[in-house]
Number of protein chains: 2
Amino acid sequence: MMIKLKVGDKRSVKKIFTDSDVHEFSDLSLDKNPLHLDSSFAKETVFGQRIVHGMLVASLFSGLLGNDLAGKGGIYLGQSLNFTHPVFIDEEVTATVQVIKIREDKPIVTLRTFCVNSKGKIVIDGEAVVKVA
Amino acid sequence: MMIKLKVGDKRSVKKIFTDSDVHEFSDLSLDKNPLHLDSSFAKETVFGQRIVHGMLVASLFSGLLGNDLAGKGGIYLGQSLNFTHPVFIDEEVTATVQVIKIREDKPIVTLRTFCVNSKGKIVIDGEAVVKVA
């Protein structure tokens, strides 16, 4: 029940999602949208090329929260996500979670969760709510 | 730009997440929380056993939206998620997306997105916003 976090604390991680990652996630999520898997199809869309599943990119928040920030026994209560810009295959992204609110009565923390591409453009923005261990 | 959807339309899918699925998702998301991977650790938590990553279960919504409901060219704009109950390894879950609002001025649809376990208990609840093709 000890909360050692304070408002402003943050963690970040960088990752490049590869073609292999996207195929694995398609199998796990059953999301076979050709926008992620078929270059010919994707070329004709507004994006011009295949994009990484938004939920795969957003899964980095789960990792940042679960690995150390919320503690090993932390419990993920909620997550909001706005997908503001596409992420392309083999493009490096940086996901960040940052504490914005800590409840006084319970060990429940709200964090801004956002992800930027290599040009610094926000590709996902939202908030997570976590019960810390 | 043709929207053939109407309020109330829904799609569902069932899935059992296995130990192998959870390990693959841990690699993809970099989420190595022992709550998902280490039975001895998980046994001592409030859950009593290993649980599937909430974001992995939620990825089923991406599949339901991407495969047919929003159309192949559909664009995922947003998703909110409340993780209300744990999902255990090898437990069958049913994810459902259901249209609750269609904008009149733009092809933008809001859906309730929820997931129940085999006992009918809601494990994830939330909403998605999608631009349909």
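The values are calculated or read from the model by the stated rules, or taken from the named source; none is laboratory data. This one's a predicted model, so the numbers in the text were calculated from it and none came from an experiment. Note: ideal-geometry Cβ built from the backbone for every residue, glycine included; neighbour counts use all protein chains shown. Accessible surface is based on the protein model in full, side chains and every heavy atom, while ligands, DNA and RNA are left aside. Shrake-Rupley method; radii C 1.70, N 1.55, O 1.52, S 1.80 Å.
Distant-in-sequence amide contacts of residue A:123, defined by a placed amide H-H separation under 5 Å and a gap of 5 or more residues or a different chain, comprise A:115, A:116, A:117.
Quick check for you: which residues of the range B:38-57 have the amide N under 18 Å from the point 7 Å beyond the Cα of residue A:72 toward its beta carbon? From the range B:38-57, the list is B:38-53. Dividing the Cα radius of gyration of the range A:1-128 by its Kirkwood radius returns 1.03 for Rg/Rh. Under a 5 Å amide H cut-off, with hydrogens placed 1.01 Å from N, residue A:91 pairs with A:17 among residues at least 5 apart or on other chains. A simple count of charges around residue A:79, restricted to other residues whose Cβ falls under 14 Å of its Cβ and scoring Lys, Arg +1 and Asp, Glu -1, yields -3. Residue-wise HN-Hα couplings along the range B:94-106, as the Karplus relation 6.51 cos²θ - 1.76 cosθ + 1.60 with θ = phi - 60° gives them from phi, are 10, 9, 9, 10, 9, 5, 10, 7, 10, 5, 7, 8, 9 Hz; Gly and Pro carry x.
Working from label points 7 Å from Cα in the Cα-to-Cβ sense, the residue B:90 to residue A:92 distance is 4.2 nm. Evaluate E = 1/(1 + (r/R0)^6) for residue B:7 and residue B:27, where r is the Cβ-Cβ distance and R0 equals 35 Å; express this FRET efficiency to the nearest 0.05. Working from the Cβ atoms, E equals 0.35. With θ taken as phi - 60° and the Karplus curve 6.51 cos²θ - 1.76 cosθ + 1.60 applied, the whole-hertz 3J(HN,Hα) list for the range B:63-80 is x, 4, 6, x, 6, 8, 5, 8, x, 4, x, x, 10, 7, 9, x, 8, 10 Hz, x standing for glycine and proline.
With all protein chains in place and ligands, DNA and RNA left out, the 1.4 Å accessible area ranks A:114, A:17, A:41 as A:41, A:114, A:17, largest first. Legend: calculated FRET efficiency, residue A:105 to residue B:121, from the Cβ-Cβ distance at R0 = 25 Å, rounded to 0.05, equals 0.40. Per-residue Karplus couplings for the range A:5-11, computed as 6.51 cos²θ - 1.76 cosθ + 1.60 with θ equal to phi - 60°, are listed in order as 6, 9, 4, x, 4, 8, 9 Hz, Gly and Pro entered as x.
Taking 32 Å as the limit for the C-alpha separation, the pairs A:106/B:119; A:14/B:6; A:72/B:14; A:15/B:101; A:72/B:131; A:14/B:101 exceed it in the case of A:14/B:6; A:15/B:101; A:72/B:131; A:14/B:101. Helix B:19-29 axis versus longest C-alpha principal axis of chain B: approximately 70°, rounded to the nearest ten.
The helix-only estimate of mean residue ellipticity at 222 nm for chain B, built from DSSP H runs of length n ≥ 4 each weighted as -39500 (n - 2.57), is -6000 deg cm²/dmol after division by the residue total. Exposure check, 1.4 Å probe, all protein chains in place: residue A:72 carries approximately 120 Å² of accessible surface. I'd like the distance between the alpha-carbon centres of the range B:10-64 and the range B:107-133, rounded to an integer number of Å. What the calculation gives is 18 Å, centre to centre.
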